[in-house]
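Working notes, structure below.
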Amino acid sequence: MSEQLDTLHHVAIVVDDIAKAIEWYKSEFKCEVAYQDATWGFLKFANAHLALVLPSQHPSHIAFVSDKATVHPGLKGHRDGTRSVYISDTAGNAVELMDPTSL
């Protein structure tokens, strides 16, 4: 029996206009808006989420649901009630670890 694999929660990409980007993604793909304000948008797809972020608010990143979120210093609460911490991979890419108890 193999160990259960981690869950990819979302990928975040930087855009210059949240509303414009959401409209484009909705016109090109079958997705739902899970959250939207002036600083970020969150789109729900069948198998993952896509976060649209402004460069002044968040870095581009990939987010995983991980029990290791609470091991790293800096666990932070967010406006949607989730908690996470950002770490970097070996190439310097931003990786967000989401506390599964906050989802």
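Observations
- Within the chain, percent of DSSP bridges classed antiparallel, to nearest 5: 70 percent
- Distance cut-off 18 Å, percentage of C-alpha pairs in the chain lying past it: 50 percent
- Carbon/sulfur fraction of accessible area - the chain, other protein chains in place, 1.4 Å, %: 54 percent
- Partner lysines for Lys20 [C-alpha distance under 21 Å; skip if fewer than 8 residues away on the same chain]: Lys30, Lys44
- Rounded tilt (10° steps) of 18-28 against the dominant C-alpha axis of the chain: 80 degrees
- Shape of the range 32-88, Cα gyration tensor, a/c cut at 1.5: prolate
- Rounded to the nearest 20 debye, the dipole magnitude of the chain is 140 debye, with +1 charges on Lys and Arg beta carbons, -1 on Asp and Glu beta carbons, and the Cα centre as origin.
- For the range 22-67: accessible area per residue (Å², 1.4 Å): 61 Å²
- Taking Ala46, Ala34, Ala19 as the candidate residues, the one with maximal mean-square fluctuation in a Gaussian network model of the chain, Cα springs under 10 Å, is Ala46.
The values are calculated or read from the model by the stated rules, or taken from the named source; none is laboratory data. All values reported here derive from a predicted model rather than from experimental measurement. Please note: Cβ atoms are built from the backbone with ideal geometry, for glycine as well, and neighbour counts cover all protein chains shown. The accessibility values were calculated without ligands, DNA or RNA, using every heavy atom of the protein model including side chains. Shrake-Rupley method; radii C 1.70, N 1.55, O 1.52, S 1.80 Å.
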